[in-house]
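Asks: Sending over a structure as structure tokens; questions will come in a sec.
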Amino acid sequence: MSTISQPLKFQPFDDKGPVRIYRNGFLPHLRQAGCTYFVTFRLDDSVPEKVLRQWRSERFGWLKARSIEIGEPGFNEKFDALSEQDKASFERAYAIRLFEELDKCHGSNCLSMSEVAKVVAESLEFFHGSRLEIGDYVVMSNHVHALITPLASFDLENVLHSIKSFSANKINKRLSKTGALWMSESYDRLVRDESELLRTQEYIRANPSKAGLQVEECPMRTVQYSIYSELQCE
């Protein structure tokens with residue numbers, strides 16, 4: 001486990017501030033400058049196809065019950081028009097199912113190899129201070145959880161692409177493999193407040209034990225955050 005002595009700045013989400021929506025895959029991804037994100041990216045084979053088909057069917061049914069058809073004209077606008085409660089419920093259900101399935105350790109689990117996990121940890125820390133601030137993280141056997149704060153002029157999606165591309169090239173070369181290593185779409189959630197930050201940190205630290213893995217086998221980083229808001233500067 002690695003630690004960092006210098007606290008990182010945590011800026012709570014400002015629900016009255018400007019928000020950008022990035023779309024890649026199924027869920028919309030919220031963006032706000034200066035904020036921290038809980039990110040999960042996973043190996044391409046980490047969720048069985050049968051489970052993915054079941055998830056799609058359940059999502060289609062949930063949306064259809066609200067008169068929304070995936071792929072229809074105006075889908076994004078109709079989804080965005082749902083109540084905040086509905087959208088939060090939809091995201092929460094997806095996240096719970098995803099994390100539970102990942103902790104079953106499906107697939108090749110190549111991240112359980114110490115030399116491969118080390119590449120991922122080094123990739124997460126490589127851009128620290130230049131493109132992002134990397135907070136708590138854990139490298140599991142088939143997925144990665146991390147708290148990431150992009151620095152000014154860098155978007156989370158581009159930072160994640162760099163991390164995944166950088167690590168995939170090294171890992172595929174080490175394993176003499178070609179093709180996709182990571183699933184293209186990552187899960188990310190904008191951390192709303194200090195309470196959510198602390199819960200997320202605890203989840204990351206507890207994830208190896210929850211999945212039945214040895215903590216010492218999973219590269220992990222823990223940090224402290226200082227809470228920052230514009231109100232402190234007025």
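The values are calculated or read from the model by the stated rules, or taken from the named source; none is laboratory data. Quantities reported herein were computed from a predicted structural model and do not represent experimental measurements. Positions of Cβ are backbone-derived with ideal geometry, glycine not excepted, and every protein chain shown enters the neighbour counts.
Asks: Is it true that some residue in segment 13-22 is of a type outside the set (D, E), in contact with an Asp or Glu (Cβ under 8 Å, 6 or more places away or on another chain) and surrounded by fewer than 12 Cβ atoms within 10 Å (Cβ to Cβ)?
Replies: Yes, some residue in segment 13-22 is of a type outside the set (D, E), in contact with an Asp or Glu (Cβ under 8 Å, 6 or more places away or on another chain) and surrounded by fewer than 12 Cβ atoms within 10 Å (Cβ to Cβ).
Asks: Would you mind telling me which numbered condition in (1) within 12 Å of the chain's Cα centre (by Cα); (2) over 21 Å from L8 (Cβ atoms); (3) among the acidic types (D, E); (4) buried (at least 17 other Cβ atoms within 10 Å of the Cβ) D188 fails?
Replies: (2)
Let's see how each residue does on (1) over 15 Å from the mean Cα position of the chain (by Cα); (2) surrounded by 13 or more Cβ atoms within 10 Å (Cβ to Cβ); (3) closer than 17 Å to A146 by Cα:
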site: S162; (1), (2), (3): no, yes, yes
site: S176; (1), (2), (3): yes, no, no
site: S209; (1), (2), (3): yes, no, yes
site: L213; (1), (2), (3): yes, yes, no
site: I227; (1), (2), (3): yes, yes, no
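Asks: Could you please let me know if E101 is crowded, with 18+ Cβ neighbours inside 10 Å, outside the structural domain of Q11 (by TED's automatic domain parsing) and closer than 24 Å to K164 by Cβ?
Replies: yes
Asks: Looking only at segment 23-44, which residues are surrounded by fewer than 17 Cβ atoms within 10 Å (Cβ to Cβ) and at pLDDT below 90?
Replies: R23, N24, G25, F26, P28
Asks: Filter segment 134-157 down to residues that are farther than 23 Å from I204 by Cβ and not hydroxyl-bearing (S, T, Y), then give me how many there are.
Replies: Number satisfying all stated conditions: 1.
Asks: For segment 190-215, name all the residues that are within 16 Å of H143 (Cα to Cα) and of a type outside the set (S, T, N, Q).
Replies: Y203, I204, R205, A206, P208, K210, A211, G212, L213, V215
Asks: Oh, and also: Of all residues in segment 142-165 being hydroxyl-bearing (S, T, Y) and assigned to a helix (DSSP H, G or I), which is farthest from G34 (Cα to Cα)?
Replies: S165
Asks: Please state which one of S162, S141, S123 is touching a helix residue (DSSP H, G or I) at 6+ places or on another chain (Cβ under 7 Å), modelled with pLDDT of 95 or more and closer than 25 Å to Q6 by Cα.
Replies: The unique qualifying residue is S123.
Asks: So is S67 under 26 Å from S195 (Cα atoms), of a type in the set (S, T, N, Q) and modelled with pLDDT under 95 or not? Walk me through it before giving the result.
Replies: Details: under 26 Å from S195 (Cα atoms): no; of a type in the set (S, T, N, Q): yes; modelled with pLDDT under 95: yes.
For S67, the condition - under 26 Å from S195 (Cα atoms), of a type in the set (S, T, N, Q) and modelled with pLDDT under 95 - is not met.
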